[in-house]
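**Student:** Mind looking over this structure? Questions follow.
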Amino acid sequence: MTVLSELPVLSMVVFLPVLVGIGLLLVPEARRRLVAGIWITTTAVDLALIVALWIGYAAGGGRSTGAGAVAGASSGTGAIAYETNLAWMPTLGSGYHVGVDGLSLPLAAMTALLFLACAIYSVRQDHRPRTHAALFLFLQTVSLGLFVSLDLILFFVFFDLSIVGMYFIIAVWGHGNAARSALQFFLYTFIGSLALLLGFIVLYLASDPHTFDIVELIRQDPLKNDPLVGGLALLTISIGLAVKTPTVPFHTWLPPAHTDAPAPGSVILAGVLLKMGAFGFVRIAIPILPGPWHSYAMVFVIVGVVSVLYGALVAMAQTNFKRMVAYTSVNHMGYIILGLGAAGLAAGSNPQAANLAVTGAVTQMVSHGLLTGALFLLAGVLFARGHSYEMTEYGGLAGTAPRFAALTAVAVFGSLGLPGLSGFIAEFQIFTGSLGAAPIPTALALLGILITAALLLRMLAQVFLGPERQPKSEASERDAPAAETPYDLRPRELLSVAPLLVLAVVIGVFPRFLLDLIEPAARALIALVAAGTQ
């Protein structure tokens, strides 16, 4: 992998989608099939490049050398690979600094896979297909850029651009009250980003010399001796990240945005954009502010538990399939916050448990992206056939749509943490690592698994079992040949959903390839928090 290490492959991965998207917009009146082919090819090439980076990273290729590697290794982020650090705004101490490690590379790979799934699913998109594909390619660049950012301003730019991209996807291609939901999403998350920027400025002013470079800020630990300001910086940064994650009480924008977004938009919103907030905690809040994170870790544990229980209970009350899945996202993201908070509590006394909790939290980010992404694509299939998300209008679909039922069952069992699927690997690590540090909150959070299992199994029974009941299908003969049942998955839908669930099974049965990547970075992060508490 030495060739990869000598080329700016990471920047190629990040900017390839948006460059192709610009090219699509410059081609007048491109046919829908041509647009779809270019979009799918671009996302497939991007995924292949990330897989090559993963193989090189696992083999030790592409690692930074010299001072950059030493700073990265001591920063708690693990070894940084495929690093590029160019002057961008030198008077502000901000640069184009990108790189990957065991925390960011799995999320980048998951992001590329989800965008490929959306491209395949959208083959028949006939409403402004060029603009639709170009906007998703833009959003792919923004998402990948955020996960590889090692500079606060660069992170913030990608963070805000993701809001813009998703706003237009919901507003233009959504349904229902799409304009209102898009505006609500934009205002909530944009206000959260302002709080995030305020925290970044505090870190910049506290550093000496002033810098926005994440690796340098981790090395300096600029607020180590000022717990009051450190606590305020953690508060503002955490609010900004909590809105995007989202956690209770900053979650209210999520259900309407999901309900009215198109299926591919919901996939990216849940699978990728929510992870930007969670990833911000492990990339910025914890390593740059290890002392304040340890001091206020119990607050995050409580917020995580409340999100777990609230998300599960409200999801149980839903009759709308898509809103139910949206609230389970609040529930599942709560497990991540619980694990990270418990890791802050245990870092000094039980680093092994803390490492397990962080590893589980990052694994949960990947698992949730795969499983919930699949569920939202399946929700899109349901709406495309019956033009309704109301579960009470459906029944007995297992008999008429066996492929649809089978894949939905796999996604559901993965989401409720069944052994053999990725959800179990993630949640088992989170609970095992958290139980010793916060036994009572963790025990309460276990109830979330029971409630989630009940509501998802009830959904399966209502929609797929019992007597057949469904709204009148409006599928055309082109979409549903006479030999097919109108509600079952078409080849493009099967091809978009199945790989996500296959990977969830692979992680559930053979998790080592993922855990071997995450654990060293998690261990270094916990060592940093432990040092910050002394």
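**Student:** When the helix-only estimate is applied to the chain (DSSP H runs of n ≥ 4, each -39,500 (n - 2.57), divided by the residue count), what is the mean residue ellipticity at 222 nm, nearest 500 deg cm²/dmol?
**Tutor:** After summing the helix terms and dividing by the residues of the chain, the value is -23500 deg cm²/dmol.
**Student:** Working out 0.36 nm times the residue gap between Leu460 and Arg403, then minus their Cα-Cα distance, what length gain in nm do you get to one decimal?
**Tutor:** Full extension from Leu460 to Arg403 adds 19.2 nm.
**Student:** Determine the distance separating the Cα centre of the stretch 14-62 from the Cα centre of the stretch 510-524; give it in Å without decimals.
**Tutor:** About 27 Å separates the Cα centre of the stretch 14-62 from the one of the stretch 510-524.
**Student:** Over the chain, consider all pairs of different Cα atoms and compute the Kirkwood hydrodynamic radius from their mean reciprocal separation; express it in Å, one decimal.
**Tutor:** 23.0 Å
**Student:** Now a separate question. Given a Förster radius of 22 Å and the C-beta distance between Arg512 and Gln534 as r, what FRET efficiency does 1/(1 + (r/R0)^6) yield to the nearest 0.05?
**Tutor:** Plugging the Cβ-Cβ distance into 1/(1 + (r/R0)^6) gives 0.10.
**Student:** Same structure again: Could you rank the peptides 263-270, 249-256, 303-310, 508-515 by their average count of other C-beta atoms within 10 Å per residue, with the highest value first?
**Tutor:** Listed from highest to lowest mean packing, they are 263-270, 303-310, 249-256, 508-515.
**Student:** Quick check for you: with a 1.4 Å probe and neighbouring chains kept, what is the accessible area per residue of the chain, in Å²?
**Tutor:** Heavy-atom accessible area per residue stands at 35 Å².
**Student:** Can you list the residues, at least 5 places off or on another chain, whose amide H is less than 5 Å from the amide H of His97, using H built in the peptide plane?
**Tutor:** Distant-sequence amide H within range of His97: Leu86, Leu150, Asp151.
**Student:** If you roll a 1.4 angstrom probe over the protein chains with everything in place, what fraction of the accessible area of the chain belongs to carbon and sulfur, to the nearest %?
**Tutor:** 69 percent
**Student:** With N set to the residue count of the stretch 361-453, report its C-alpha Rg divided by 2.2 N^0.38 Å to two decimal places.
**Tutor:** Cα Rg divided by the expected 2.2 N^0.38 Å: 1.29.
**Student:** For q = 0.09, 0.20 Å⁻¹, what log10 I(q)/I(0) does the stretch 159-284 give under the Debye formula with an equal point scatterer on each alpha carbon and no solvent?
**Tutor:** The Cα Debye sum returns log10 ratios of -0.29, -1.01.
**Student:** Charges on Cβ only, +1 for Lys and Arg, -1 for Asp and Glu, centred on the Cα centroid of the chain; of Phe159, His258, Leu435, which one is farthest towards the dipole's positive end?
**Tutor:** Of Phe159, His258, Leu435, it is His258.
**Student:** Using θ = phi - 60° and the Karplus curve 6.51 cos²θ - 1.76 cosθ + 1.60, what whole-Hz ³J(HN,Hα) does each residue of the stretch 272-279 get, with Gly and Pro shown as x?
**Tutor:** 10, 5, 5, 6, 4, x, 4, 5
**Student:** Putting +1 on Lys and Arg Cβ atoms and -1 on Asp and Glu Cβ atoms, find which of Ala179, Leu116, Leu397 reaches farthest to the positive end of the dipole of the chain.
**Tutor:** Value computed over the given set: Leu397.
**Student:** Can you work out ³J(HN,Hα) from phi for every residue in the stretch 309-321, in order, using Karplus 6.51 cos²θ - 1.76 cosθ + 1.60 and θ = phi - 60°, giving whole Hz and x for Gly and Pro?
**Tutor:** 6, 4, x, 5, 5, 5, 4, 5, 7, 7, 10, 8, 4
**Student:** Here's another thing I want to ask about it. ³J(HN,Hα) across the stretch 414-420 via Karplus (A = 6.51, B = -1.76, C = 1.60, θ = phi - 60°), whole Hz, x for Gly/Pro?
**Tutor:** x, 5, 8, x, 5, x, x
**Student:** Amide H to amide H, which residues 5 or more places from Ile80 or on other chains are under 5 Å from it, using H placed in the peptide plane?
**Tutor:** Those lying under 5 Å, H to H, from Ile80 are Ser64, Ala73.
**Student:** Would you mind working out the magnitude of the charge dipole of the chain relative to its Cα centre, with +1 at each Lys and Arg C-beta and -1 at each Asp and Glu C-beta, to the nearest 20 Debye?
**Tutor:** 780 debye
**Student:** Distance in nm between label sites at Ala59 and Val164, each 7 Å beyond Cα in the beta-carbon direction?
**Tutor:** Result: 3.9 nm between the two label points.
**Student:** So what are the stretch 338-396's ellipsoid semi-axes, whole angstrom, largest first, if each one is the square root of 5 times an eigenvalue of the alpha-carbon gyration tensor?
**Tutor:** Semi-axis lengths for the stretch 338-396 are 40, 10, 7 Å.
**Student:** Can you give the FRET efficiency to the nearest 0.05 for Leu194 and Arg469, using r as the Cβ-Cβ distance and R₀ = 60 Å?
**Tutor:** Rounded to the nearest 0.05, the efficiency is 0.80.
**Student:** Taking a quarter of the surface of the Cα convex hull of the stretch 382-534, what do you get in nm²?
**Tutor:** 12.0 nm²
**Student:** Right, here's the next one. Out of residues 5 or more away from Glu390 or on other chains, whose amide H comes under 5 Å of its own, with H placed 1.01 Å from N in the peptide plane?
**Tutor:** Phe321
**Student:** Same structure, new question: Running Debye on the stretch 217-277 with equal point scatterers at the Cα sites and no solvent, what base-10 log of I(q)/I(0) appears at q = 0.14, 0.19, 0.24 Å⁻¹?
**Tutor:** So the normalised log intensities are -0.53, -0.74, -0.95.
The values are calculated or read from the model by the stated rules, or taken from the named source; none is laboratory data. If you're wondering where the values come from, they're calculated on a predicted model, not measured in any experiment. FYI the Cβ positions are ideal-geometry reconstructions off the backbone, even for glycines, and counts take in every protein chain you see. The accessibility values were calculated without ligands, DNA or RNA, using every heavy atom of the protein model including side chains. Shrake-Rupley method; radii C 1.70, N 1.55, O 1.52, S 1.80 Å.
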